[in-house]
Amino acid sequence: MSPIRSASIAVLASAVLATTLTGCGIGGEPQDTSPIVIAADLELSGASAPIGKVYQRALELKVDQMNASGVLGGRKIELRVKDNRSDAAESLRNINDFSGDAQVSAVIMGGCNECAVGAARTISDKRIPTIALASAGAVTEPVDQRRYVFKLAPNAVDSAAALTTELTRRNIRKVAVLHSADGYGQEGVAALRREFGKASVKLVAAEAVRTTDTEVSTQIDDLVEKKPQALILWTPPEQATLAATTARQRNYRGSLFFDASAAGELFLGPSARSTELATLIFTQTMVIDDVIATTPAKAARRQWFQDYTARFGGYNGFSSFAADAVQLIADAEQRAGGDRGKVDRDALRDVLETSQLDGLSGPIRMTPDNHSGLMPQALTTLVARGGRWRLAG
C-alpha cells in the first residue's frame, strides 16, 4: 500500500469516527454486514457531462476510501450510477427506478437544476431521501413540499452577499452581470440586486445565456458597452472562461468576478491569461494546499485534495460536495438503525434533516426548516494567479 493511500485511510478514519455513530456489534451481537446502497443520478453525457463525470469520480473515490477504512464496521457502501443524459425527463425515470429498488437507501443527484426541481414531487411521493448537488433554491424550497430533498451546493444568497462585500471593499460601484438563464441564474440576479441595494452598488446591465450556449459575444458586447468597473460571471465554468476571454478580446480592462457556479478546475489552462487576477467566491477546499492544516477537518480536506489529484491528475472544486453527500448518507444510515439488512428510508430522512458535519466542503448543517446544508462560512474569496486559483490575501 502506498504512503499516500495509507495516510488517506488514517486521516479519513479519524475524521469519520468523530462524526459517525458506527453500527458494529455490541455485547457479542453479530455484526451487520448488509450493504449501504447509494444510487446516483448523474449527467454523464449531454451538455452537462463534464461536471457529471467530476461527481462520478468523486463518488467512486469517497466510496473506495470509506470501504477501505473500515469505519462502517462490517458494512460496505455499494454505488449504483445511472446516466440522465443531462435531461430532466431521463433523470425522472432514473429516480423512479431507484425508488422502486428496495435495496437503495438514498439517492445523490448531480448538478442539473432542472432535473432536481423536476423530480422533487416524485421524490417526496416515493419517500426516497435525496441529496442534490444542484444550486437552485427551488431544489429544497418550499421545505414542506421537499421533505425528502436535501442540497449540497453554494447558495445564491450567500454567494451574492460575499461578492457584494468584496466589491464594496474594493470601492467598485458600477457592475454588469452575465448570468445563466436557468432558475439559479435568475435567482442570482435577484440576490445581487438585493445586496447591491444595501451597499450602493449599481447594476448597470444584466444579460442572460442558456447553459447550452457556446457563443456569448453578443451579450458580452452589450455589457462591456456600459463600461462597468466589474463584470460578474454567474454561469457554468466553461461559459465563464469563454466570457472572460471574450471580454478581454474586447479590450475590457475592468475587474472580473466569478460566482461559485463558475468554479471548476483548479488549474485554468488556456484561459489563464484572460482570467489572471479574477476573483472567485468558492469553498476553501479548492485551494486547501495553500492552507495550513491546523484542525482535523482541514487535514481531512487537504488529504481529499491530494487523493483526488493523485488519482485523476488534477482537482475540481465541486468534487467535495459529492464526497460529503456520501458521508452524510452513510452517517445517517448508521444512526438510523432499524432491522438488520432492511432499509428504513423514513428514519434515514429524519436523521439527515438534523445532520451536522464539518465536511470536506466546509461546515454543513441541516435543519427541519433548511435542507440546504452548506453554511455561508464555507465560502471564501479566491484569486486567479499564475494559471490557477489561490487563496486571496
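The values are calculated or read from the model by the stated rules, or taken from the named source; none is laboratory data. What you see is a predicted model, and the numbers here were worked out from it, not measured in a lab. Backbone-built Cβ (ideal geometry, glycine too); neighbour counts: all protein chains shown. Heavy atoms of the whole protein, side chains included, go into the accessibility calculation; ligands, DNA and RNA do not. Shrake-Rupley method; radii C 1.70, N 1.55, O 1.52, S 1.80 Å.
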Query raised in the report: Within the stretch 224-247, how many residues turn out to be in contact with a Ser or Thr (Cβ under 7 Å, 6 or more places away or on another chain) and open to solvent by 60 Å² or more (accessible area, probe 1.4 Å)?
Result: 1
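For the stretch 149-180, give me each residue that is hydrophobic (A, V, I, L, M, F, W, C), open to solvent by 20 Å² or more (accessible area, probe 1.4 Å) and closer than 30 Å to LYS126 by Cβ.
The answer is VAL157, and nothing else.
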Requested in this report: List the number of the failed condition for ILE329; all other conditions in (1) more than 19 Å from PHE258 (Cβ to Cβ); (2) touching a strand residue (DSSP E or B) at 6+ places or on another chain (Cβ under 6 Å); (3) modelled with pLDDT under 95 hold.
Outcome: (3)
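One line per residue, one yes/no per condition, for (1) basic (Lys, Arg); (2) crowded, with 21+ Cβ neighbours inside 10 Å:
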| residue | (1), (2) |
| --- | --- |
| LYS82 | yes, no |
| LEU92 | no, no |
| ASP97 | no, no |
| GLY100 | no, no |
| MET109 | no, yes |
| LYS126 | yes, no |
| ARG147 | yes, no |
Requested in this report: Name, by its number, the condition in (1) within 30 Å of GLU43 (Cβ to Cβ); (2) part of a loop (DSSP other than H, G, I, E, B) that does not hold for ARG253.
Outcome: (1)
Requested in this report: For SER105, indicate whether it is closer than 20 Å to ALA332 by Cβ, among the hydroxyl-bearing types (Ser, Thr, Tyr) and not in a loop (DSSP other than H, G, I, E, B).
Outcome: yes
Report summary line: The condition from (1) at pLDDT below 95; (2) in contact with an Asp or Glu (Cβ under 8 Å, 6 or more places away or on another chain); (3) polar (S, T, N, Q) that SER271 misses is numbered (2)
Report task. Considering each residue of the stretch 234-250, count those that are farther than 17 Å from GLY387 by Cβ, among the polar types (S, T, N, Q) and not in a loop (DSSP other than H, G, I, E, B), and give that number. Result -> 3
Requested in this report: Please go through the stretch 360-393 and pick out each residue that is closer than 11 Å to ASN155 by Cα, open to solvent by 20 Å² or more (accessible area, probe 1.4 Å) and in contact with a helix residue (DSSP H, G or I) (Cβ under 8 Å, 6 or more places away or on another chain).
Outcome: PRO376, LEU379
Requested in this report: Name the single residue, out of those in the stretch 267-278 being in contact (Cβ under 8 Å) with a residue 60 or more places away in the chain and over 9 Å from GLY387 (Cα atoms), that is surrounded by the fewest Cβ atoms within 10 Å (Cβ to Cβ).
Outcome: LEU277
